[in-house]
Amino acid sequence: MSAAVRTAPQPTASPAASRGVQESLFSRAGAMLVMGVFTLYFLVPIWWLIVSATKDRGQFTSTNPLWFADMSLVENVSALLRYDGGIFVRWIGNSLAYTAGGALLGTVLASMCGYALAKYRFRGRDTLFNVVLGGVLVPATALALPLFLIFSQVNLTNTFWAVFLPSLVSPFGVYLTRIYAAASVPDELLEAARLDGSGEVRTFFTVSVRLMFPALVTVFLFQFVAIWNNFFLPLIMLRDEAVFPVTLGLYSWNTQVNQIPELRGHVLVGALLAIIPLIVVFLLLQRFWRNGLGAGSVK
């Protein structure tokens, strides 16, 4: 006895589902197009800088600006490091001193201030935090002239401290660490540490800092980039080339290109070398940086 085999009808996609798939494809293609355009916008100048740094003075204006000619990078770097008694190396050292010290101490100060605002109750706490928020909104260029007047009164202009000391202040770092400490450091853990006889400073450095570490790395990275790229404050404060950071030193060379044409190549190669520390620091800290931003945005 044979049984008829009956096939089940195949489901068909609804018009709404089809439109959803098309909209998803269009949205993805649009997002990829926008990201591709902005990627080219940011990477083409860097590519041009890399290519230009490998050319000699004659090839710079006579060859394709976006492709290599004779590879002269080693000779260009060597000439840069020897120029004017190796002043570029001194500028790089100054920038590292300003940046590493300022970013490290600035991160410690910001973390302590943010932690205190998050975990201690005292009169005027909210007012003080609002003042910190106001400091986040004030651009650094607006503070350069008042800082110059203050430092000139104590005879600290044209010194290392005129650039280093203002770099220690980070209102954004205080804000970020305050938010992160309030969310990631449990009050019960602090009470347990106090019951065990731990002092407030010891509790902060042995317990709280470990819990706040992603936020601290984020603040350090932001401080490092901001101080390394700082230009306007050194321009106002400094006159002696011996204490210039690399940004101001390259600017001073660039203003002399018409009188000394060989400086054009030195400026290009110097700009290429000046971005290497930023790339290295970012690659080393990007894992902690991403974690810090994600935790801060959720908590």
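The values are calculated or read from the model by the stated rules, or taken from the named source; none is laboratory data. If you're wondering where the values come from, they're calculated on a predicted model, not measured in any experiment. Here Cβ is always computed from backbone atoms with ideal geometry, including for glycine, and neighbour counts include all displayed protein chains. Heads up: the accessible areas ignore ligands, DNA and RNA and are worked out on the full protein's heavy atoms, side chains in. Shrake-Rupley method; radii C 1.70, N 1.55, O 1.52, S 1.80 Å.
Apart from one condition, residue 114 fits all of (1) in a helix (DSSP H, G or I); (2) in contact with a helix residue (DSSP H, G or I) (Cβ under 7 Å, 6 or more places away or on another chain); (3) without any contact (Cβ under 8 Å) to a residue 40 or more places away in the chain; the exception is (3). In the range 54-68, the count of residues that are assigned to a helix (DSSP H, G or I), out of contact with any Phe, Trp or Tyr (no Cβ under 8 Å at 6 or more places or on another chain), surrounded by 14 or more Cβ atoms within 10 Å (Cβ to Cβ) and modelled with pLDDT under 90 is one or more.
Could you check the range 228-252 and list, in sequence order, the residues that are of a type in the set (Phe, Trp, Tyr), farther than 30 Å from residue 113 by Cα and buried (at least 21 other Cβ atoms within 10 Å of the Cβ)? Across the range 228-252, the qualifying residue is only 244. Can you spot a residue in the range 256-267 that is part of a helix (DSSP H, G or I), open to solvent by 70 Å² or more (accessible area, probe 1.4 Å) and modelled with pLDDT of 90 or more? Looking for residues that are part of a helix (DSSP H, G or I), open to solvent by 70 Å² or more (accessible area, probe 1.4 Å) and modelled with pLDDT of 90 or more, one finds none in the range 256-267, hence no.
Counting just the residues of the range 176-227 that are surrounded by fewer than 20 Cβ atoms within 10 Å (Cβ to Cβ) and among the basic types (Lys, Arg), which one comes out nearest to residue 281 (Cα to Cα)? Filtering the range 176-227 for residues that are surrounded by fewer than 20 Cβ atoms within 10 Å (Cβ to Cβ) and among the basic types (Lys, Arg), the one nearest to residue 281 (Cα to Cα) comes out as 210. Could you check, for the range 260-273, whether at least one of its residues is over 14 Å from residue 91 (Cα atoms) and without any contact (Cβ under 8 Å) to a residue 60 or more places away in the chain? There is at least one residue in the range 260-273 that is over 14 Å from residue 91 (Cα atoms) and without any contact (Cβ under 8 Å) to a residue 60 or more places away in the chain.
Here's the yes/no breakdown for (1) open to solvent by 90 Å² or more (accessible area, probe 1.4 Å); (2) at pLDDT below 90; (3) assigned to a loop (DSSP other than H, G, I, E, B):
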| residue | (1), (2), (3) |
| --- | --- |
| 8 | no, yes, yes |
| 19 | yes, yes, no |
| 39 | no, no, no |
| 71 | yes, yes, yes |
| 95 | no, no, no |
| 103 | no, no, no |
| 109 | no, no, no |
